[in-house]
Amino acid sequence: MTDSLGYRMKFAVVAPSTNTSVEPEYADMRPRGVTNHFSRISIPDTKVVDDATFVEMLENIRSATFDAVDVSMSMDPGCVIMGMSAETFWDGAEGAERLHQRMLERTGGVPVIMGSTAVDAAIRAYEEADGKKIRKIGILTPYAPVGDANVKKFFEDQGYEVVHIEGLKCQSPMLIAHESKQTLKRTAIKVSEGVDAVIQAGTNLAFAEVAAMAEFWLEKPVIAINTATYWHALRTMGFTDQKEGFGRLLADF
């Protein structure tokens, strides 16, 4: 017997309680027979005004993540998606690998998909499809400088040159979702000059739709972290369903 609605796959999605963008964006990408089940990382909507308060927010997420993972496992998911971003980039590629191993230990070996490595996989998918290397990238984030530094380190560890990185310095984790499409558009354009691809981090930035439009006008890959993470979860679990409206990644690869 299989789940009546999620008869192909049940995804557990672990996301901060302040995040209001991951759930609706994943819902719009969901194929038939695949269901998304959210477990919230309980954190306060702390004010973020500098690097110290950004790290405080991150520590709040860290201290509650594994409790949320434990809750999510009670519905027997086929895969766990980390619907949060900063921690998956922290301390570069080595930090990402450590976190991935800790998550796999917690899930008992159930596959875990993280935003940082999903974006790297998405870049490689564009390279394979287009037959050309992506080396120079521009990045936009909602983060304070310390968050941007860790995102930059991750991509440099993977061999990319970060030409531009623009952090919006959002004033709280919940307020990240309040950034307008116009702000996201202008920031994407700002970091697009002289790069092979534009990358977005920060899962509470509602960038999936903007990325698809920007990709068309800029004529280069524009990768939204929520799109990349959900795409990577689908492909990792063997699903090849394609979806229009989220750029080439979901439509073509």
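The values are calculated or read from the model by the stated rules, or taken from the named source; none is laboratory data. Being a predicted model, the structure only gives us computed values, none of them experimental. Heads up, the Cβs are rebuilt from the backbone with ideal geometry, glycines too, and the neighbour counts pull from every protein chain shown. Surface accessibility is based on the protein's heavy atoms, side chains included, excluding ligands, DNA and RNA. Shrake-Rupley method; radii C 1.70, N 1.55, O 1.52, S 1.80 Å.
Note on region 27-45: residues that are open to solvent by less than 20 Å² (accessible area, probe 1.4 Å) and in a helix (DSSP H, G or I) total 1.
Taken together, 21, 17, 4 contain a single residue that is open to solvent by 10 Å² or more (accessible area, probe 1.4 Å), out of contact with any Gly (no Cβ under 7 Å at 6 or more places or on another chain) and within 18 Å of residue 88 (Cα to Cα), which is 17. Only a single criterion out of (1) farther than 15 Å from residue 252 by Cα; (2) open to solvent by 10 Å² or more (accessible area, probe 1.4 Å); (3) part of a helix (DSSP H, G or I) is not satisfied by residue 206, namely (3).
A single entry from 80, 48, 110, 55 fulfils the requirement of being part of a helix (DSSP H, G or I) and either buried (at least 22 other Cβ atoms within 10 Å of the Cβ) or not assigned by the TED database to the domain that holds residue 148 (or both): 55. Residues in region 173-222 that are under 18 Å from the mean Cα position of the chain (by Cα) and on the phi > 0 side of the Ramachandran plot: 1 in all. Against the criterion of being over 30 Å from residue 33 (Cβ atoms) and either over 16 Å from the mean Cα position of the chain (by Cα) or surrounded by fewer than 19 Cβ atoms within 10 Å (Cβ to Cβ) (or both), residue 124 does not qualify.
Mind listing whichever residues of region 217-249 are within 19 Å of residue 196 (Cα to Cα), not charged (D, E, K, R) and not in a loop (DSSP other than H, G, I, E, B)? If the condition is that a residue be within 19 Å of residue 196 (Cα to Cα), not charged (D, E, K, R) and not in a loop (DSSP other than H, G, I, E, B), then 217, 218, 222, 223, 224, 225, 227, 228, 249 are the ones that fit.
As a summary of the residue check, residue 153 satisfies the conditions (1) open to solvent by less than 60 Å² (accessible area, probe 1.4 Å); (2) touching a helix residue (DSSP H, G or I) at 6+ places or on another chain (Cβ under 7 Å) except for the one numbered (1).
Every listed requirement among (1) farther than 30 Å from residue 78 by Cα; (2) part of a helix (DSSP H, G or I); (3) of a type in the set (Gly, Ala, Ser); (4) open to solvent by 10 Å² or more (accessible area, probe 1.4 Å) is met by residue 188 save one, (4).
Can you find a residue in region 87-95 that is more than 16 Å from the chain's Cα centre (by Cα), among the β-branched types (Val, Ile, Thr), in a helix (DSSP H, G or I) and at pLDDT 95 or above? The answer is no, given that none of the residues of region 87-95 is more than 16 Å from the chain's Cα centre (by Cα), among the β-branched types (Val, Ile, Thr), in a helix (DSSP H, G or I) and at pLDDT 95 or above.
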